[in-house]
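Enquirer: Take a look at this one; I'll ask things after.
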Amino acid sequence: MDEEQTGGYSDICGQCGEVNWGVSDEGRFYCRSCHNVIERTKEVVDTNTFMVGTSRVSSISKGTRRKKLEQGREWMVCEGFQFILKHQAEALLAMGVCPQFKDDVLCQFWRMYLQKSRQAYTKNPVHDGKFRLRSQGSGESDSAPESSVMSDSMMSASETDGDGDWASGGGSVSGHTSDGASSVCSGSIDAVSYLTPRQRRSQGLMSMPKTLALCHLALLWAREAITLADLLRFVNEGHIPYVNAYEDFPEEMKLYGRDSLIFRVESIPSYSHLHKEAQALAVFLELPLFPPITLDCLLHPSLLTLRYLTEANLPDELHDWVCRIMEKAGMESSVTFEPMRSRSPLPHYDVQAAALIIIAMKLLFKLDDHTEWDLSNDASDKNKENPDGNSFNLRWWYRTMQTALTTAARRQQDNIARKHWKPQKPLYTSKKDKSVVLKRRRIAEQLQLSFQKLSSSPVAPPSTPPSSFCFRWGEEGEEVWDGPSLHHLTLDSSVRQRGASLQPANPEYWHPALRACKPRFCKSHYAEVEVTLPRMYVWLLDLFSFLLGVKPGCVYEEVLKVERRFLGSSKSQPRARATPRKTQPKKLHKRKQTSKTCSR
Amino acid sequence: MFSKGGLQLHINTPRETGFHKTTRNCLQHIREVLLHHRWQDAAEYMASYSQTLEDTTANMPQLYAEIIWRIGTEILHHHPNSTLEDYNSFYERVKHSGVKHYLKVCLEHSFHLLVNGQFEDAKLQLSIAESWRYGKQSAGQSQRIRLIQAYSGFLDYFIWCDKKATASNEYDAAVNQEMHSYFRQSSVNLKEIMKLPGVWDPFVLSYIDMLEFYNDHEGAVKVLNDYAYDDSFPPNPNAHVYLYRYMKKQNHPLKKLLKVLKILHTLVPSHELMPEYCSLLNEGDLQKALGVVLDLLDYSSWRSNLDVWNHLMNIIKRLRMKKQWLKIFAEEMGYRKDWWLAIHFSTFQARKDSAENRELLEVKSFVVGAFCPHCK
């Protein structure tokens with residue numbers, strides 16, 4: 001295609017679908033593949049270039065200047081990740097995270113990471129040998145070796161503050177070698193060496209999931225209310241750039257070839273994977289004790305459970321019970337993360353809060369497919385006798401919750417089906433793939449348009465703003481609601497007054513075998529155990545796993561962990577405590593050896 | 001109250017990327033929506049499904065392209081607002097989405113235009129397809145190219161018909177010229193095609209029509225003869241029917257007609273031309289005529305046909321006057337004598353006939369009387 005003549009006109013030909021324009025003698029545009037003449041003429045093109053001042057200049061001079069712009073500048077992979085992290089931080093700030101998060105926390109973590117992985121700020125960078133070879137050819141060999149050039153430039157960059165820091169940090173690095181011998185098979189300089197087996201094995205290198213892990217650690221350090229489950233949910237909904245994040249790179253950074261292996265994502269990492277990455281990253285960075293999570297922080301179990309109780313439309317009174325369980329299980333000591341202590345792994349704050357709520361419900365309602373319905377019958381009788389009464393009725397709650405849940409689950413499936421993964425500017429792995437990839441992109445776009453024309457809603461529906469809550473419970477008559485709010489109901493039919501304190505009406509508590517498996521030998525046993533568990537319990541696990549976006553097995557394991565502390569500690573306690581009487585459960589012969597009795 | 005499958009939200013095929021999960025879910029939704037005939041929703045999901053064409057897994061885009069093509073045409077067929085424009089643009093895009101099915105899509109596109117009466121456009125599509133080349137020609141490709149050629153000729157015929165209709169009103173040299181050129185184009189293609197073994201009924205008819213118009217009777221007969229008698233072609237009774245009809249129109253001698261009909265009789269004894277055959281034979285060979293009639297009566301579609309029974313009656317009347325008519329009867333009835341009477345002359349049948357068709361009953365009773373004078 002004659003770029004110069006056609007001025008970069010790149011619409012597709014209506015007849016043959018190719019982009020191969022030429023200009024005839026009369027100045028009309030024609031398609032070189034099928035000789036289809038179109039309306040556009042060259043005079044129009046000239047006017048356009050006249051109006052945009054810089055491109056006119058470039059069209060006169062052509063040659064080297066244009067070529068340079070096309071090729072872009074040299075850049076390194078870590079610069080790319082820097083840009084991505086910057087955009088992610090900005091997105092989080094737009095959602096209400098405190099401004100210090102970006103500059104004081106995340107930026108520092110990133111620098112520490114670069115230092116630890118020896119990509120910058122260091123005397124012996126990871127890409128040492130390669131650049132030395134280059135400098136011999138370029139004739140630019142200054143007295144200082146490449147390493148100190150890089151580290152000096154980064155140091156100087158670190159002295160500047162604020163925004164400029166993020167952008168300029170990249171520019172200074174690329175200035176040192178420019179003999180045009182950048183690697184042919186990737187836009188960035190070091191993508192090839194980035195992906196060598198040795199580098200991979202060392203596992204120090206940044207990858208797309210690791211950016212999210214780093215964000216999570218930074219959020220935790222800044223004691224922000226966004227949990228890991230929330231972070232993943234925002235990524236899924238597109239509020240935080242992740243899939244196709246590289247599209248926001250500046251123009252001069254060209255991506256192709258091996259870069260696609262690094263920057264292209266076709267999956268969003270799962271909760272457990274990301275958790276492991278965050279843990280590993282914290283150890284790699286050798287972070288000290290994190291700022292303590294105190295009662296005023298939203299990540300603390302007491303406040304987090306309140307949030308989930310509201311989400312799950314459970315009565316506020318349940319919160320007292322949750323707090324009592326929390327106290328009993330001694331959760332205070334393990335709420336703050338200390339990476340270097342091997343016995344305190346990164347806590348799953350969100351799943352833990354869910355586990356506490358589940359245990360509270362098990363305590364009050366037993367959840368063995370019989371007791372809870374009996375208690376519900378009692379509550380509804382009480383409500384009938386006393387019309388003003390608002391006892392919490394589990395059956396009613398279940399029904400409300402179930403309808404809302406099925407609707408939300410269906411909506412989520414729908415969103416999964418409609419999600420767009422492919423970028424506007426596709427990445428291609430090799431030069432010969434380029435034309436094929438671009439053609440496919442064009443055709444896919446056109447097909448999308450033609451189908452949208454036939455569909456009932458040609459315009460995509462506006463995306464909902466990010467929100468911490470999945471369900472909305474309110475009064476009847478409100479426009480958008482998932483069901484009536486049950487937060488104000490009381491638990492009086494489920495509790496009894498015994499002496500000074502309240503006790504649950506249900507006297508029994510059951511649990512599966514609590515002994516922990518050796519961590520390396522077995523993974524979760526949930527799949528086998530699930531068939532033996534009461535259906536209501538399984539439903540409750542499914543509910544919270546939907547709310548958090550994790551597998552039910554994960555919630556189940558966390559419940560077991562908390563139960564171990566909660567029940568294990570009772571052995572050392574004196575008799576007169578406000579705990580339920582633990583008797584031999586009568587109905588558990590149905591389950592195969594999964595229950596244990598606890599003596600008081 | 002609890003459905004076990006109700007909340008299974010975490011079913012993931014192991015090691016499936018998020019992208020593949022999305023496309024798999026999308027296809028499931030599309031399937032469900034299609035089964036419920038919700039065409040607009042299907043179009044919406046298809047808009048999201050189009051991204052599968054960009055999948056980087058090897059060979060998958062080819063499969064996806066075919067899926068998109070088929071489902072897309074289905075939606076277009078049933079959608080209340082689909083226009084011909086939509087069809088055209090859709091086909092154009094799908095053509096370029098995959099190399100292996102380019103020719104198939106071209107054919108389908110031109111069929112669609114043909115069915116909607118846009119002969120010129122259909123012809124244009126086929127000529128574009130004819131000039132397309134990609135890589136080595138596979139066996140499937142060469143077959144499709146033949147098909148394209150055939151339909152090209154066929155479309156030329158349609159256009160020729162149109163021109164003929166306009167030209168017959170007034171004498172216009174230009175239109176006539178066009179008409180002749182279309183005839184030439186068409187005959188080139190059709191002649192090529194008819195050398196290949198196959199069933200080319202509509203093409204043959206169109207070719208013959210044109211030849212007849214230009215009074216090339218010998219040519220027409222030759223074409224029909226080749227079509228009917230070439231051993232490499234699959235046996236096709238229609239070929240003989242066309243040949244017979246043409247010959248009859250052109251008043252060919254009786255012997256030739258009988259020859260053709262004889263072959264037709266061996267191929268399809270229950271053909272609708274058989275009574276005609278029978279009446280032609282009446283002049284000559286009565287035994288053969290009897291054979292033909294009895295063969296016809298073996299088939300349930302002819303069993304209550306008054307004409308056929310009348311023929312039988314006439315034949316019997318004339319045959320009885322000859323000597324050795326019993327021998328002839330015995331020969332023809334040979335293997336039928338066990339069941340023939342029972343089939344045609346049951347009491348149920350008789351009651352039905354007496355209710356519906358009195359004449360038939362009379363004819364039949366005559367025949368029975370002729371065959372077995374003893375049993376009434």
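Enquirer: Can you tell me which residue is farthest from A:Leu364 (Cα to Cα) among those in segment A:382-407 that are within 14 Å of another protein chain (Cβ to nearest Cβ) and surrounded by fewer than 16 Cβ atoms within 10 Å (Cβ to Cβ)?
Expert: A:Thr407
Enquirer: Tell me yes or no: at least one residue of segment B:139-151 is within 11 Å of chain A (Cβ to nearest Cβ) and farther than 21 Å from B:Pro202 by Cα.
Expert: The answer is no, given that none of the residues of segment B:139-151 is within 11 Å of chain A (Cβ to nearest Cβ) and farther than 21 Å from B:Pro202 by Cα.
Enquirer: Same structure again: I need every pair where a residue in segment A:370-391 that is of a type outside the set (Gly, Ala, Ser) has its Cβ under 7 Å from the Cβ of a residue that is in a helix (DSSP H, G or I) and at pLDDT 85 or above, sequence separation at least 6 or different chains.
Expert: Filtered contacts from segment A:370-391: A:Thr371/A:Phe365; A:Glu372/A:Phe365; A:Glu372/A:Leu394; A:Glu372/A:Met536; A:Trp373/A:Arg395; A:Leu375/A:Phe365; A:Leu375/A:Leu394.
Enquirer: Identify all residues within segment A:414-435 that are at pLDDT below 85, within 11 Å of chain B (Cβ to nearest Cβ) and not in a loop (DSSP other than H, G, I, E, B); write none if there are none.
Expert: Within segment A:414-435, just A:Asp433 meets the criteria.
Enquirer: Could you tell me whether B:Thr22 is at pLDDT 90 or above, over 18 Å from A:Ser450 (Cβ atoms) and either in contact with a Lys or Arg (Cβ under 7 Å, 6 or more places away or on another chain) or within 10 Å of chain A (Cβ to nearest Cβ) (or both)?
Expert: Yes; evaluated as a whole, the condition is true for this residue.
Enquirer: What do you reckon, is A:Arg441 more than 28 Å from A:Ala94 (Cα to Cα), within 13 Å of chain B (Cβ to nearest Cβ) and surrounded by 13 or more Cβ atoms within 10 Å (Cβ to Cβ)?
Expert: Against the criterion (more than 28 Å from A:Ala94 (Cα to Cα), within 13 Å of chain B (Cβ to nearest Cβ) and surrounded by 13 or more Cβ atoms within 10 Å (Cβ to Cβ)), A:Arg441 qualifies.
Enquirer: A further question follows. Got a sec? Which of B:Gly291, B:Gly334 is surrounded by 12 or more Cβ atoms within 10 Å (Cβ to Cβ) and free of Cβ contacts under 8 Å to residues at least 60 places away in the same chain?
Expert: B:Gly291
Enquirer: Still on this structure: Of the residues that make up segment B:176-195, is at least one under 20 Å from B:Leu126 (Cα atoms), modelled with pLDDT of 85 or more and of a type in the set (Val, Ile, Thr)?
Expert: yes
Enquirer: Of all residues in segment A:224-245 being touching a Pro at 6+ places or on another chain (Cβ under 6 Å) and not in a helix (DSSP H, G or I), which is modelled with the highest pLDDT?
Expert: That would be A:His239.
Enquirer: Sticking with this structure for a sec: Within the group B:Trp309, B:Trp339, B:Trp302, which residue is surrounded by fewer than 17 Cβ atoms within 10 Å (Cβ to Cβ), more than 29 Å from B:Ala220 (Cβ to Cβ) and hydrophobic (A, V, I, L, M, F, W, C)?
Expert: It is B:Trp339.
Enquirer: Another question about this same structure. Which count do you get for residues in segment B:86-116 that are charged (D, E, K, R) and more than 10 Å from chain A (Cβ to nearest Cβ)? Even if it seems obvious, please write down each step before you answer.
Expert: First, the residues of segment B:86-116 that are charged (D, E, K, R): B:86, B:92-93, B:95, B:100, B:104, B:108.
Checking the rest, the ones that are also more than 10 Å from chain A (Cβ to nearest Cβ) come to B:100, B:104, B:108.
Number satisfying all stated conditions: 3.
Enquirer: Restricted to segment B:32-62, and to residues that are under 33 Å from the mean Cα position of the chain (by Cα) and not hydrophobic (A, V, I, L, M, F, W, C), which residue is nearest to the other protein chains (Cβ to nearest Cβ)?
Expert: The qualifying residue nearest to the other protein chains (Cβ to nearest Cβ) is B:Arg38.
Enquirer: How many residues are in contact with a Gly (Cβ under 8 Å, 6 or more places away or on another chain) and farther than 24 Å from A:Met253 by Cα if we restrict to segment A:84-118?
Expert: 1
Enquirer: Could you check, for segment A:523-540, whether at least one of its residues is without any contact (Cβ under 8 Å) to a residue 12 or more places away in the chain, among the hydroxyl-bearing types (Ser, Thr, Tyr) and either crowded, with 19+ Cβ neighbours inside 10 Å or assigned to a helix (DSSP H, G or I) (or both)?
Expert: No: segment A:523-540 contains no residue that is without any contact (Cβ under 8 Å) to a residue 12 or more places away in the chain, among the hydroxyl-bearing types (Ser, Thr, Tyr) and either crowded, with 19+ Cβ neighbours inside 10 Å or assigned to a helix (DSSP H, G or I) (or both).
Enquirer: Can you go through A:Ser493, A:Ser467, A:Ser457, A:Ser450 and tell me which one is under 28 Å from B:Glu44 (Cα atoms) and modelled with pLDDT under 80?
Expert: Exactly one residue qualifies, and that residue is A:Ser457.
Enquirer: Here is a follow-up. Being small (Gly, Ala, Ser), more than 21 Å from B:Ala167 (Cα to Cα) and part of a helix (DSSP H, G or I) is the filter here; which residues of segment B:202-233 pass it? It would help to see each step written out before you state the result.
Expert: Taking segment B:202-233 as the starting set, the residues that turn out to be small (Gly, Ala, Ser) are B:206, B:219-220, B:228, B:232.
Retained after the next criterion (residues that are more than 21 Å from B:Ala167 (Cα to Cα)): B:219-220, B:228, B:232.
Across segment B:202-233, the qualifying residues are B:Gly219, B:Ala220, B:Ala228.
Enquirer: Additional query: Among the residues that make up segment B:56-69, is at least one of them assigned to a loop (DSSP other than H, G, I, E, B), touching a residue at least 12 places away in the same chain (Cβ under 8 Å) and surrounded by fewer than 19 Cβ atoms within 10 Å (Cβ to Cβ)?
Expert: No, segment B:56-69 contains no residue that is assigned to a loop (DSSP other than H, G, I, E, B), touching a residue at least 12 places away in the same chain (Cβ under 8 Å) and surrounded by fewer than 19 Cβ atoms within 10 Å (Cβ to Cβ).
Enquirer: Of the residues in segment B:192-201, how many are exposed (fewer than 13 other Cβ atoms within 10 Å of the Cβ) and either part of a helix (DSSP H, G or I) or touching a helix residue (DSSP H, G or I) at 6+ places or on another chain (Cβ under 6 Å) (or both)?
Expert: Summing the residues that are exposed (fewer than 13 other Cβ atoms within 10 Å of the Cβ) and either part of a helix (DSSP H, G or I) or touching a helix residue (DSSP H, G or I) at 6+ places or on another chain (Cβ under 6 Å) (or both) in segment B:192-201 gives 0.
The values are calculated or read from the model by the stated rules, or taken from the named source; none is laboratory data. Here the structure is a predicted model, which is why all the values come from computation and not from measurement. As a convention, Cβ positions derive from the backbone with ideal geometry for all residues, glycine included, and neighbour counts pool all protein chains shown.
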